[in-house]
Amino acid sequence: MYARYLLVGTVLTILVGMVGPGAASAQRDHAAGTPRGLPDAAELTETGLVYTVQPGDTASEIAERFEVTTEQLVMWNEGLEPDRIREGQRLRLDTGLRRIVHTIRAGDTLAALATRYEVAVNDIVRWNRRIRRHSIRVGRELTIFTTVPESRSESIGTPQAGRLAHAHQLPRNHPAILVRYPQRAWGTDEAVRWIVDAFDAVRDAHPDTPRVAIHDLSRERGGALMGHHSHTSGRDADIAYFQNGCGEECRFRTIGPSDLDVARQWTLFRYWLEHDQVEAIFVDYALQRALYEHARAEGVPREQLARWFQYPREEGNRYGVIRHHPRHANHFHVRFVCHETDEACR
Ligand SMILES: [Zn+2]
């Protein structure tokens, strides 16, 4: 708890330390998304702070204002000659602080967001005009200033012999997800976010979508998981199929093609496939044809179908993202790709 406030304090020191011609107007504008004290000439982008050189500025003064050194300025701006800066030149300042836009998803709370981005709830309220503390609307975009990296989790090694660091847990209050074992519902930031996003996409496209049981992802630190060969590195998940007539909750159940809620299932798979988020989806061979025909009827181009589906190739052919694996008639298994920030992911 204390560490979090220290971090917030650090951010504020950097921002409040900036005094410039625009400081006063930045103060007035802070509710529209500018942190207090940020001069007009400085803007926070997704990659960091950018400062536009003003008349009369010198490199050493700018460095001093942002509490960095001239050497750092040169390091962050290739080719910069500190005694030859000119008005209008844009300088990158790698202070680690960036501005992110978070789109509120079902299950989000301000407290959870504050924890994730290591800021205070009050800051989020201050940076976003007319936000209601206790009822935040799904789909609304929030501006947050943070030093927390976009992806903190790390998938290390292979799905069969890997581990997981700084894991993220599936939300338990999401309206389309039933988490069976919270202690085995840990994954990378991306795996968890992509599962939630895809289920949100299904809810958007199909009213009255039931909740679907999700069994194992990984343990908080990954490693061997009883009953599985993989699931060690936070990129695997076992999920029930959308089934016709499963009421409010679809659970693990051995099904045939006529039981499959093809439209919802395809919306879920299509979301991951179109966003290049999945390496493999293991689906019993007998269930693939219905999905394939549905996708074709929706106008998915032939080359795309050939890349996404094993069907109509034979069951033993290992080609296709959606492919057969024994014992996947009662659930499917999705394996997400390695995220670009996970350098040791295999
Ligand atoms: Zn599995």
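Say R0 is 41 Å: what FRET efficiency, to the nearest 0.05, do Glu81 and Arg137 get from their beta-carbon distance?
0.25
Just the ratio, please: alpha-carbon radius of gyration of the stretch 221-283 over 2.2 N^0.38 Å, N its number of residues. Show your work: numbers first, answer last.
Details: Rg = 13.8 Å, N = 63, 2.2 N^0.38 = 10.6 Å.
Against the empirical 2.2 N^0.38 Å value, I get 1.30 for the stretch 221-283.
Going 7 Å from the Cα of Glu298 along its beta-carbon direction, which residues of the stretch 260-279 have the amide nitrogen within less than 12 Å of the resulting point? Residues 262-275 fall inside that zone. For trypsin sites (Lys or Arg not before Pro), the sites in the stretch 39-130 that DSSP calls loop and that have at most 11 other Cβ atoms within 10 Å are Arg86, Arg129, Arg130.
Placing a label point 7 Å from the Cα of Thr47 along the Cα-to-Cβ direction, the residues of the stretch 63-95 whose backbone N falls under 17 Å of that point are 73-80, 89-95. The residues neighbouring Met75, those whose beta-carbon lies less than 13 Å from its own, together hold a net charge of -2 under the Lys/Arg +1, Asp/Glu -1 convention. Modelled spin labels at Phe252 and Gln183, positioned 7 Å past Cα toward Cβ, are 1.7 nm from each other. For GluC sites (Glu not before Pro), the sites in the stretch 131-206 that DSSP calls loop and that have at most 14 other Cβ atoms within 10 Å are Glu150. To one decimal place, what orientation-averaged projected area in nm² is obtained for the convex hull of the Cα set of the stretch 154-336? Across all orientations, the stretch 154-336 yields a mean hull projection of 9.6 nm². Highest mobility in the GNM of the chain, judged by mean-square fluctuation with C-alpha springs under 10 Å and restricted to Gly247, Gly157, Gly48, is found for Gly247. Rounded to the nearest 10 degrees, the inclination of helix 285-297 to the longest alpha-carbon principal axis of the chain is 60 degrees.
How long are the three semi-axes of the equivalent ellipsoid for the chain, computed from the Cα gyration tensor as the root of 5 times each eigenvalue, in whole Å, largest first? That gives 46, 22, 19 Å for the three semi-axes. Within the listed set Arg235, Arg211, Arg172, the Gaussian network model of the chain (springs between alpha-carbon atoms below 10 Å) gives the highest mean-square fluctuation for Arg172.
Which whole-number percent gives the relative contact order of the chain, counting Cα pairs below 8 Å spaced six or more residues apart? List each step's numbers first, then the result.
Numbers: 680 pairs, mean separation 43.3, N = 346.
Computed over the chain, the figure is 13 percent.
With K and R counted +1 and D and E -1, the other residues having a Cβ less than 11 Å from that of Val337 yield a net charge of -3.
Each value in this text was obtained by applying a stated rule to the coordinates, not by laboratory testing. Keep in mind the model is a prediction, meaning the values are calculated, not measured. Cβ atoms come from the backbone with ideal geometry, glycine included; neighbour counts cover every protein chain shown.
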